[in-house]
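To start, the structure itself, in structure tokens.
The values are calculated or read from the model by the stated rules, or taken from the named source; none is laboratory data. Nothing here was measured: the structure is a model prediction, and the numbers come from that model. For neighbour counting, all protein chains shown are included, and Cβ atoms are generated from backbone atoms with ideal geometry for every residue, glycine included.
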Amino acid sequence: MNSTMNYPGLWFEDGDIVLSANPHVGDARRLFLVHKHTLSSYSPVFWNIFNEPSGVRAEDVDGIQAKNDVELLQVNDPASDLAELLQCLYYPTQMPFNFKEPTVNIDMGGLLRLCKKYDIADLAARVVNQLKFEWPTSLAIYEQHEARVRMLGLAHADAPGGQIDEKYLDDRFPEPASIVALAREFDIPELLPAAFYALSLISPRAKYDMYHSPIARQHPECAARLAMLTRSARWSLLAPADLLRLARGQDQLRSPTALTKMFEGRTRSADCSAGCDALLVALRRLAGDTHDILGALTYLRIYITEPDRAPKMKICRTCAAATCGVVATLRLRIWSSLPLWFGVPGVRWHQSNQNWPADQVR
């Protein structure tokens, strides 16, 4: 018989039901002393278990027994997932996740499965809404994430060994292949375009487990690659059809046609300098040299508009303003095309963008 262990923080002395959950292999069975009325108020399935047990499916629970004058309910759920569910129900303002951690998508999968099993729709909606913020459909929200990535990338590039607080850049962000798998399992197609775009920036040779297992982290070559800001993914989680969608989307993103056409037919003004010609040459080179076209366009806009960088480029005001307008239009066009390019037609996609006014140009 397995030993048992009361779960800290989810053992209420005035509780009237003990939930007994499946442990990890070799661990003690975890017990949660909670309240029937709390579970029933969130979940019609728990209400049925406590009030009409004859209608409960045998595969969901093993039945209610008595334990020290308190009823005990054995559930066929992983203890870690059940703990997350109960923490969300008892402490609704404190989600038990760091949405920036690489493994958060896998952790949240367990929570969403229990929300589905126990029909806790409100909590599932909260989780999905948070996921939609982390993997946005809006370009304006994506730009907020993009700025954070840029800031952290610069910080890690300057840090000794590429580490800050013993973390590499790859430790700072959710891993994108697992979000694709999660979106497929729970039918959340809005998450897919942003996740596919993130995957399009990662080499298929960069496998997450090769970089993040305890043994791998001690290997000098692994440490060197992570110090170079390498990003990785759990490629094995992608279905063949999604790998094909990713490849087709990458082909569209790396086609220079859209970029070059945007800058064709530009005429020089009387104030143009050699820097303006150099800018156009750089733009054409950008079309063929970058994988992260959205990020590259943002960097271009920064170099044109930031006071400490713009004078070095020696671009006239007319060309700078026009280029910022073209960059904003092109980013919006690319963002709007992601669902089609990655084979997710019909998804609700917010195409609004933050404006980059010409008066930012110095």
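Annotations
- Among the residues of the range 93-135, the one identified as among the acidic types (D, E), in a helix (DSSP H, G or I) and in contact (Cβ under 8 Å) with a residue 60 or more places away in the chain is D122.
- Scoring R254 on the criteria (1) within 15 Å of L330 (Cα to Cα); (2) surrounded by 18 or more Cβ atoms within 10 Å (Cβ to Cβ); (3) modelled with pLDDT of 70 or more leaves a single failure, condition (2).
- The condition (being within 14 Å of the chain's Cα centre (by Cα), in contact (Cβ under 8 Å) with a residue 60 or more places away in the chain and over 22 Å from L297 (Cβ atoms)) is satisfied by just one residue among E190, E185: E190.
- Matching residues in the range 139-185 - criterion: being among the charged types (D, E, K, R) and loosely packed, with under 14 Cβ neighbours inside 10 Å: R148, D158, D165, E166, E185
- Identity of the residue in the range 136-173, among the charged types (D, E, K, R), part of a loop (DSSP other than H, G, I, E, B) and out of contact with any strand residue (DSSP E or B) (no Cβ under 9 Å at 6 or more places or on another chain), that ends up nearest to A233 (Cα to Cα): E166
- Residue that is nearest to L10 (Cα to Cα), among those in the range 85-100 that are at pLDDT below 80 and in contact with a helix residue (DSSP H, G or I) (Cβ under 7 Å, 6 or more places away or on another chain): P96
- The one condition in (1) outside any loop (DSSP other than H, G, I, E, B); (2) surrounded by fewer than 17 Cβ atoms within 10 Å (Cβ to Cβ); (3) of a type outside the set (D, E, K, R) that P204 fails to fulfil: (1)
- Sub-6 Å Cβ pairs linking a first residue in the range 217-241 that is outside any loop (DSSP other than H, G, I, E, B) to a second residue that is among the polar types (S, T, N, Q) and surrounded by 15 or more Cβ atoms within 10 Å (Cβ to Cβ), at least 6 apart or interchain, are L237/S178, ordered by first then second residue.
- Residue match in the range 67-85 (condition: in contact with a Lys or Arg (Cβ under 9 Å, 6 or more places away or on another chain) and more than 26 Å from T4 (Cα to Cα)): no
- Meets criteria (surrounded by 13 or more Cβ atoms within 10 Å (Cβ to Cβ) and within 20 Å of I164 (Cα to Cα)) for Y197: no
- Qualifying residue in the range 289-306 (condition: outside any helix (DSSP H, G or I), at pLDDT below 85 and either farther than 30 Å from P189 by Cα or β-branched (V, I, T) (or both)): yes
- Subset of the range 122-140 (residues that are assigned by TED's automatic domain parsing to the domain that holds P78, farther than 14 Å from I188 by Cβ and of a type in the set (A, V, I, L, M, F, W, C)): L123
- Among the residues of the range 100-140, the ones that are in contact with a His (Cβ under 8 Å, 6 or more places away or on another chain) and β-branched (V, I, T) come to 1 in all.
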